[in-house]
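The structure appears right after this line, and notes come after that.
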Amino acid sequence: MSKRQYFWIVVLILIEASLIIAVSIISRTGLSLTIGDVVLTSTHLAGIISASKAIILTCILVLAKKKGLIIDIVLWCGEMFFMIMGMVKARNFNSITGLVQNIVSLIVLFIVYQFIKKEKINSDYLSKLSRIDSLTDLYNRRAIITEINGNMKHGIEFYCAFITITNFKEINDYSGHDYGDKMLFKFAERIRGMAKDSEFIGRIGGAEFLIIIKSERNDSFVERRIKEYMKCLSEPYIIGKTESTLVCRAGIVKYPEDGDDESTLFRHMDATIAYNRGIRENEVSFFNKTIIDDISESVKIEDRLIKALAENLIHLVYQPQFHTGTRRLRGFETLSRLEDEEGNPIRPDKFITIAEKTNLIFEVDNYVLEKAISTFKPLIDRYPDLVISVNISARHFTQSDFPEYVNKLLMRHAFPAKSLEIEITETAFAESITKVKDCMDRLHGISVQIALDDFGTGYASLAYLSQLPVNLLKIDKSFIDKLNTSEMENDFVKVIIDMGHTLNLDVISEGVETEEQKKTLENLGCNLIQGFIWGKPLELEDAIALIEADAGTK
Ligand code: G
Ligand code: G
Ligand code: MN
């Protein structure tokens with residue numbers, strides 16, 4: 001109740017009490033009132049006042065509902081007590097009509113209360129309905145916004161985790177909207193099943209949900225908690241005879257650090273999700289201020305990539321690879337180069353990452369692959385032992401039609417498959433080991449060579465390495481940099497080399513820069529070398545000159 005309501009209730013109670021006293025005085029003293037010709041006897045006056053009393057009690061009831069009823073009953077009992085006492089004392093039962101009137105007015109009050117109660121249930125139901133999402137029974141967008149604003153108003157700190165189902169559109173398109181609705185309901189059921197009292201869960205719309213966690217908590221607690229949600233939500237769903245899996249992504253913001261109004265928080269949650277899209281399935285990421293700057297830079301690079309793809313502006317350079325002992329040329333790794341509008345180079349890891357996030361990577365990889373194949377076709381014809389390697393994004397290895405695409409490309413250019421090597425980074429296995437392995441098997445099936453790039457930094461394990469059709473391990477530059485700094489570092493590289501050779505694989509060290517590193521690698525038995533020591537990435541004419549010079553030394 002508001003202060004105003006309290007004020008009026010107190011005023012009404014005072015008036016009611018005064019009226020009760022007035023009736024009792026009038027009935028005791030037999031007071032009458034003459035206005036002009038009209039004479040109001042004590043019975044008349046008592047009648048008028050009693051009617052006013054009933055009105056006041058009704059007003060109290062309407063204003064304070066249940067509390068009003070209790071106040072009314074207390075006042076009523078008080079009055080009855082004094083009335084009965086008065087009658088007993090004076091042995092005069094004249095006020096019996098007042099007594100009956102009071103009982104009737106109490107009954108009327110109870111009836112009115114029943115109506116009020118019913119009305120309140122209806123209005124509670126309507127207000128609940130306006131706060132609940134009809135498909136999932138979770139809170140709806142309006143309730144979410146009310147909750148956020150309520151927390152802000154009361155100075156409560158909180159985290160908001162925005163969860164979106166990234167493959168929902170495909171499920172809807174593929175299995176129909178009814179099926180999609182059922183999935184959403186099941187998803188909501190799981191989310192609700194996991195929620196704790198301190199967590200507020202709502203559906204923003206479509207396949208977007210929000211979890212609000214009040215924070216006496218810290219970032220790592222919230223991250224762990226949201227990961228628990230994601231783990232549970234990404235378990236398969238069975239509807240009828242169909243089993244499907246939902247892939248989610250979560251972006252987390254914190255109030256007040258990441259925005260002090262609801263629309264900024266929402267904008268920053270969207271940005272966090274967009275920024276991390278394409279990185280990894282079921283990932284949880286926090287907003288930070290650099291995201292906004294990075295996004296505007298990313299947008300520029302994305303635009304540049306689109307233009308570069310349309311106008312053949314991606315430039316290729318070729319870094320030579322050598323046999324360690326003889327320094328004979330093995331082949332080249334193809335590397336992409338891109339410049340911004342002003343002609344400044346954009347770092348390859350940067351534009352590659354952006355290409356991966358924006359799905360442009362498929363076009364980039366295909367472009368590089370075709371360009372490398374067509375460029376080297378005449379050279380391979382003359383120097384058939386050369387191997388040309390191309391980096392292909394891990395994302396590409398989960399596309400089931402990729403091996404077929406490569407096969408067609410090789411046929412079209414009449415390029416021998418064994419002269420093409422595809423480099424894949426170890427991080428690919430974080431995506432889906434079965435899909436990646438399947439893709440590798442099929443490429444191996446058409447005789448394309450496969451190299452594991454950045455080996456040692458990620459998920460590689462001996463257990464599955466022996467099952468993959470890999471030809472070459474590329475020891476990551478970070479291990480080469482640490483060579484000769486301690487015995488342990490050298491031992492580590494030796495373990496990789498020995499393991500590779502045990503599995504009958506070639507092993508190449510990347511980023512070899514010094515004579516000392518080269519010597520150590522030679523002693524450790526590393527048979528191939530790639531690095532600035534013997535060759536930086538070269539322009540095509542320099543690469544051709546190198547091939548010819550190498551052939552001349554035969
Ligand atoms: O030499 P460089 O700075 O270009 O390499 C940086 C990273 O970018 C390396 O990890 C390399 O594998 C990757 N990279 C370079 N060119 C390509 C490309 O054409 N496609 C893909 N997928 N990755 C590339
Ligand atoms: O991860 P990937 O192997 O695809 O990347 C090769 C990257 O390493 C390229 O960016 C290439 O330019 C770089 N690189 C190759 N050799 C050397 C080297 O000897 N020193 C340094 N600093 N970078 C190298
Ligand atoms: Mn590489």
(Q) Of 420, 114, 497, which is farthest towards the positive pole of the chain's charge dipole, taken about the Cα centre with +1 and -1 on the beta-carbons of Lys, Arg and Asp, Glu respectively? (A) 114
(Q) If the only charges are +1 at each Lys and Arg Cβ and -1 at each Asp and Glu Cβ, what is the size of the charge dipole of the range 248-373 around the Cα centre, to the nearest 20 debye? (A) 860 debye
Q) At residue 503 and residue 93, where each label point lies 7 Å from the Cα along Cα→Cβ, what is the point-to-point distance in nanometres? A) 10.8 nm
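Of all DSSP beta bridges located in the chain, what percent are antiparallel, nearest 5?
Values: 41 of 69 bridges.
Around 60 percent of the beta bridges assigned by DSSP in the chain are antiparallel ones.
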Q. Along the charge dipole of the chain, which of 166, 43, 58 sits closest to the positive end, that is, farthest toward it, with unit charges on the beta carbon of Lys, Arg, Asp and Glu (+1, +1, -1, -1)?
A. 43
Q: Putting +1 on Lys and Arg Cβ atoms and -1 on Asp and Glu Cβ atoms, find which of 24, 450, 329 reaches farthest to the positive end of the dipole of the chain.
A: 24
Q. Across the range 197-297, how many lysine pairs separated by 8 or more positions, or lying on different chains, have Cα atoms within less than 17 Å?
A. 4
Q. Of the listed peptides 154-166, 494-506, what is their order by residue-averaged count of other C-beta atoms within 10 Å, with the highest listed first?
A. 154-166, 494-506
Q: Show which lysines lie in cross-link reach of residue 118 when reach means a straight Cα distance below 17 angstrom and same-chain residues fewer than eight apart are skipped.
A: 65, 66, 67, 128
Q: Report ³J(HN,Hα) in whole Hz for each residue of the range 479-484, in order, from the Karplus equation J = 6.51 cos²θ - 1.76 cosθ + 1.60 where θ = phi - 60°; Gly and Pro get x.
A: 6, 5, 4, 8, 4, 6
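Under the classification rounded if a/c is under 1.5, otherwise prolate if a/b is larger than b/c and oblate if not, where does the range 335-421 fall, given a ≥ b ≥ c as square roots of the Cα gyration tensor eigenvalues?
Details: a/c = 2.58, a/b = 1.44, b/c = 1.79.
It comes out oblate by the Cα gyration axes.
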Q. For residue 411 and residue 532, what is the calculated FRET efficiency with R₀ set at 22 Å and r taken between the beta-carbons, to the nearest 0.05?
A. 0.05
Q | Full-extension gain in nm, residue 154 to residue 544, via 0.36 nm per residue minus C-alpha separation | A | 133.3 nm
Q: Determine, from the Cβ-Cβ distance of residue 516 and residue 446 and an R0 of 45 Å, the FRET efficiency 1/(1 + (r/R0)^6), rounded to the nearest 0.05.
A: 0.65
Q: Specify whether the C-alpha gyration tensor of the range 437-554 places it in the rounded, prolate or oblate class, a ≥ b ≥ c being the square roots of the eigenvalues: rounded for a/c under 1.5, otherwise prolate if a/b is larger than b/c and oblate if not.
A: oblate
(Q) At 7 Å along Cα-to-Cβ for each site, give me the label-to-label distance between residue 257 and residue 306 in nm. (A) 3.4 nm
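Hydropathy first: keep DSSP H helices in the chain averaging at least 1.0 on Kyte-Doolittle, then drop any whose Cα extent along the axis falls short of 20 Å, and list what survives. It would help to have the intermediate numbers written out before the result.
On the way: long enough: 3-29 (39 Å, 1.36); 42-90 (37 Å, 1.37); 96-129 (50 Å, 0.76); 177-194 (26 Å, -0.73); 219-233 (21 Å, -0.65); 290-310 (30 Å, 0.28); 361-382 (32 Å, 0.12); 487-502 (22 Å, -0.11).
Flagged H segments are 3-29, 42-90.
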**Q.** Extension gain, residue 125 back to residue 327 (0.36 nm per residue minus Cα-Cα distance, nm)
**A.** 64.5 nm
Q | Cα-projected label distance for residue 290 with residue 399, points at 7 Å along beta-carbon direction, nm | A | 3.0 nm
**Q.** Proximal lysines relative to residue 494, as straight alpha-carbon distance under 21 Å, when same-chain residues fewer than 8 apart are discounted
**A.** 474, 477, 482, 518, 519
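Residue 231 to residue 169: FRET efficiency via 1/(1 + (r/R0)^6), r the Cβ-Cβ distance, R0 30 Å, to the nearest 0.05? Write down the numbers at each step before the final one.
Working: r = 23 Å, r/R0 = 0.76.
Rounded to the nearest 0.05, the efficiency is 0.85.
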Q. So how strong a dipole does the chain carry about its Cα centre when Lys and Arg Cβ are +1 and Asp and Glu Cβ are -1, to the nearest 20 debye?
A. 3700 debye
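Charges only on Cβ, +1 for Lys and Arg, -1 for Asp and Glu: so what's the dipole of the range 219-271 about the Cα centre, in debye to the nearest 20?
Values: 8 positive and 11 negative charges, 81 e Å.
Here the size comes out at about 400 debye.
Every number here is computed from the coordinates shown, using simple stated rules; none is lab data. Here the structure is a predicted model, which means the values were calculated and not measured. For neighbour counting, all protein chains shown are included, and Cβ atoms are generated from backbone atoms with ideal geometry for every residue, glycine included.
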